[in-house]
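Here the structure comes first, spelled out in structure tokens, and everything after it is commentary.
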Amino acid sequence: MIIKLKQIFILAAIIFNYTVTWSQTPNNLIIISIDGFRSNFYMEEQWPTPHIKDLASNGVYSKGVNGIFPTVTYPSHTTLITGVGPDKHGIYYNTEIAENGESGKWIYDFSQIKSQTLWQVAKEKGLKTASVSWPISVNAPYIDYNIPEIWSFTNPMDRRGATDKYATPSGLFQEVVENATGKMNVNDYNLSSLSMDQNLARIAAYILRKYKPNVLTIHLPNTDGAQHKNGRLGIEVQKAIAGADQAVGTIIDALKKADLFKKTNIIITGDHGFMTVHTSIAPNLWLKEMNVHNKAFFFSTGGSAFLHLKDANDKKTLNKILNKLHSLPYGLQKMFKIINREQMTLRGADPRAVLALSATNGYCFTNEKTGELLNKKIGGKHGQYPDNELIQTGFVAFGPNFQKGLLFNQLQLEDIAPLAAHLLGTLLNDSKGIIYNSMLVK
Ligand SMILES: [Zn+2]
């Protein structure tokens, strides 16, 4: 009798355990961030993106995702992984602001992120995490297999040594070079050519097949560079997005070969759109003209310029600057919009800035304090206030948990991290992002 009871107990334990394990193991998740990803790339015939279009037509896709402010890479990627704005996660710009108001050091260390990340909640749930080239992931303790985005400070073109130094576990970069990319020269692993996206995709593919992480995040930078040089359109942008699409194809291929494709959700998104520009504006020249350049400065992100006061309570200087902006000739006023503090707060902007300028289509800002107010500037910029569809990024989601063939009108950038956490069976407590159950299968 005792033996029988024991057998029943063991049997019950096995069934119970099995049920618990099954119900608690979520499908795998891959988040692919294509830098400068726009919905045009999958909604218009002209763009060569067969892999992404295939996922969109068999999954959920959005007309556009509204970003945070400023719509630049590092604050936006940190929102993608936390579900909160810069005012909460603490990454206000790509770089620090140097004493003189110029761009300072690039932010790269994970310890500067002040809010909970997707990697953390996934890890705390006991899931295996991986990341390739994600901004501000250096020294992230919650990523089991991490090839962070980092470069040499003395020779920024060379990313290999620094990546090797900060890759975790130690030796992982050498392992992926041996097994995935082959020995790389300096320009095989930087932003100078489209080989970067291909090599990053091969690294991700190797990690997926070898270590089978539950969640992997990857950042593909090349589509950003092409649009900075050329604006939104042109053959070079076609080549770059075709390369990013092939990188998506490489990842899908790896999932299929590892027999993981059917149990993996894939989210393809980005950080911002782009505006084509022809003219730059140097707003610090107005401050000099007014003789308040020792009391205030504009910090440019390209598409926007944030006004900082040396003394945050210096209302007199602020009013003087506002009067100046409002009294500019119409020809200058139409080059930008003034974004007030309330609008800034709504999209999570740097709480230290008192107002911002957002460039209208065709214009951008510089930090210049001398020279001409207006200069010729050819190419593309981002950073503008996220109230314009040109600056929106895209969203495509495919996999066992997503509806098929559903066009979703608009999302906010803060919605993506909580959705990702939900798919992994966990949640990001700080995020106010909305999870739309309508895009998920019951
Ligand atoms: Zn970017």
Simple Cβ-charge dipole of segment 276-381, Lys/Arg +1 and Asp/Glu -1, about Cα centre, in debye nearest 20: 80
The chain: relative contact order as a whole-number percent, Cα under 8 Å and 6+ apart: 29
For segment 362-402, size of Cβ-based charge dipole, Lys and Arg +1, Asp and Glu -1, in debye: 180
Those aspartates and glutamates that a straight Cα-Cα span of less than 13 Å connects to Lys256, excepting residues fewer than 8 apart in one chain: none
Span-like helix ranges in the chain, DSSP H, alpha carbon extent 20 angstrom or more, Kyte mean at least 1.0: 2-24
In nm, spacing of pseudo-spin labels at Glu99 and Lys212 (7 Å Cα→C-beta vector): 5.5
Percent of beta bridges antiparallel (DSSP, the chain, rounded to nearest 5): 50
Computed lengthening from Asn437 to Gln333, 0.36 nm per intervening residue step minus Cα-Cα distance: 33.1 nm
Three-way shape label, segment 365-439, alpha-carbon gyration tensor, a/c 1.5: prolate
Distance between segment 377-442 and segment 113-191 - C-alpha centres, whole angstrom: 24
Probe 1.4 Å, accessible area per residue of segment 276-381, Å²: 48
Highest to lowest packing among 388-401, 323-336, scored as the average C-beta count within 10 Å: 388-401, 323-336
Debye, to nearest 20: dipole size of the chain, +1 on Lys, Arg Cβ, -1 on Asp, Glu Cβ: 660
Among Val215, Val121, Val138, residue whose mean-square fluctuation peaks in a GNM of the chain (springs only between Cα atoms under 10 Å): Val121
Gyration tensor verdict on the chain (Cα atoms; rounded if a/c is under 1.5, prolate if a/b is larger than b/c, oblate otherwise): prolate
Segment Lys262-Leu374, length gained on full extension (0.36 nm per residue, minus Cα span): 34.9 nm
Cα shape, segment 69-186, gyration tensor, a/c 1.5 rule: oblate
Choice from Phe37, Phe153, Phe274 showing the highest fluctuation, given a GNM over the chain with Cα pairs closer than 10 Å: Phe153
Pairwise Lys count, segment 22-155 - Cα closer than 23 Å, eight or more residues apart or different chains: 8
Carbon + sulfur, % of accessible area of the chain - ligands and nucleic acids excluded, 1.4 Å: 53
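The values are calculated or read from the model by the stated rules, or taken from the named source; none is laboratory data. Predicted, not measured: the structure shown is a model, and the values here were computed from it. Don't worry about glycine lacking a Cβ; one is built from the backbone with ideal geometry, like all the others, and counts go over all protein chains shown. Heavy atoms of the whole protein, side chains included, go into the accessibility calculation; ligands, DNA and RNA do not. Shrake-Rupley method; radii C 1.70, N 1.55, O 1.52, S 1.80 Å.
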